[in-house]
Amino acid sequence: MSARTCLAIVLAAGEGTRMLSSRPKALHAVAGQSLLAHVLSALRDAGGTETAVVVGPDHDAVAAEARSQFPAAQIFVQRQRRGTAHAVLAAKPAIEHGADDILVIFGDTPLIRPRTLERLRSALAGGAAVAVVGFRPADPAGYGRLLTQGDALVGIVEHADASESERAITLCNGGLMAFAGKSALDILERIGCDNRKREYYLTDAIAIAHGMALRAVAIEVTEDEVSGINTKAQLAAAEAVMQHRLRQAALDAGVTLVAPETVHLAADTKLGKEVVIEPYVVFGPGVVVEEGATIRSFSHLQGAHVGQGAIVGPFARLRPGAKLGQGVHIGNFVEIKEALIEAGAKANHLAYIGDARVGEGANVGAGTITCNYDGEAKHRTDIGKGAFIGSNSALVAPVKIGDGAYVGSGSVITGDVPADSLAIGRGRQVVKEGWAKRLRGLKSMGKRKA
Ligand code: UD1
Ligand code: MG
């Protein structure tokens, strides 16, 4: 990491109208994380020291997301969308702090890698006044074209303003730029709006720097890193690229993904060594799976912690606050929410465990439900160590089942059960001997009732 100080300015004032959504563009998600959060995490990994986020006038939610990801982020509001250079200057007070390097990043490019930000900064450290990320898109329509003279970058012309011969240039502006702090404001404040869209184009910075005899350079990256997201189709394409990266990283870390292309990961999914993920598993945000655990097919996990060697699924659902200890077994059609399942406990079939603790080694039978909600409030169920809950029991919370206690199958348990005792809460079985035979006899005589 460079010893030079750095200010990163993230432009996130985009409306996202082409997303056909009322949600601001920067808050759409890829791999369970907002576009803005991806950009901010790349900045964090690249060692950005100071961060400014430029939001639109009524984008409080974008500002809140920026602060939740980066509490020290400074928020600036661009009142009118008058172009990318205008947006950068909304953060002028931050620029005036005098950082050595100033990075400008678009809030809709979640695939940017920290390494690219480092390369831009090295170009500045090497004496450039401006460094730009260039790429060669399959379809360059809409992108600014980089104008070069030998090694030098001398200008950028926006697609709308470009001549036929300029449009034939394949090297395009990826949108990310870095400015040497000492000349940044001088360059930015010279940018005008004499173009087809009457906007203040950040891209004009290159020709201005060239005119001031300052050096500008381009570094080239692959298209997948800089593709900006303007539509739902582009959002889906970015998701695919991100999923590929996340799966590759998991495989490289020694995780077994039996059918990688069917596993959907979140950007923050943490998978330990020797973890096995069977086909068709979905991870929402906030999941940790410890060493040696197996997640079987068709399971959905979110905000959950899976302990060492645990087995989850197939068809299990772990919701936020599910914490499974070592060696826990959670089987098919079992849903766990806000519950601690202690080491060695099992719930293997068809159960709902919410707002609960299941003690070490306890066994929760098929069809068990913790009735945690009374229509107004949530209540807790506490199941002791080694307890045995018979199949198809309803545990009406708040309720405690003591250590080593038994609950008879089909019980509705409304009161606490002391340790080592048996509770049965169901209608008594009645046996009427010969009843069925009598029924059949009556039927054969044409009568209807026994
Ligand atoms: C921009 C570049 C173009 C480049 C392309 C790469 C300029 C003038 N053009 O074009 O050379 O090839 O990105 O994707 O920079 N924004 C604001 N306020 C504004 C305008 C924009 O915050 O007033 C933000 C947007 O939210 C977005 C980013 O700046 O995150 C880029 O704006 P956008 O309108 O997408 O620029 P492009 O036309 O894509
Ligand atoms: Mg764009």
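Data overview
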read-out: Cα-derived Rg over Rh, computed across region 1-47 with Rh taken as Kirkwood radius; value: 1.09
read-out: Between 0 and 90°, nearest 10: helix 114-125 axis offset from the chain longest Cα axis; value: 20
read-out: Alpha-carbon centroids, region 192-242 and region 278-346: separation in whole Å; value: 43
read-out: Mean shadow area of region 1-158 over all directions, Cα convex hull, nm²; value: 10.1
read-out: Degrees separating the helix 435-444 axis from the principal Cα axis of the chain, which is the longest one; value: 90
read-out: Evaluated over region 297-450, the Cα radius of gyration and Dmax, each in Å; value: 19.3, 66
read-out: Cα centroid separation - region 419-435 against region 40-96, whole Å; value: 67
read-out: Å³ per residue enclosed by the Cα convex hull of the chain; value: 216
read-out: For region 340-420: span of alpha carbons on each principal axis (Å, largest first); value: 33, 25, 23
read-out: Debye log10 I(q)/I(0) for region 32-106, one point scatterer per Cα, at q = 0.18, 0.22 Å⁻¹; value: -0.72, -1.08
read-out: Across Lys197/Lys232; Lys270/Lys400; Lys323/Lys400; Lys25/Lys197; Lys337/Lys400; Lys232/Lys273, pairs whose alpha-carbon gap is larger than 28 Å; value: Lys270/Lys400; Lys232/Lys273
read-out: Inter-centroid distance (Cα atoms) of region 104-151 relative to region 350-386, Å; value: 54
read-out: Overall Cα dimensions of region 117-184 - principal axes, largest extent first, Å; value: 35, 20, 20
read-out: Cα long-axis angle, helix 35-45 against the chain (0 to 90 degrees, to the nearest 10); value: 70
read-out: Cross-link partners of Lys432 among lysines (Cα-Cα below 17 Å; sequence separation of 8 or more within a chain); value: Lys449
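Since every read-out is calculated from the coordinates, none of them should be taken as a lab result. Computed from a predicted structure; not experimentally measured.
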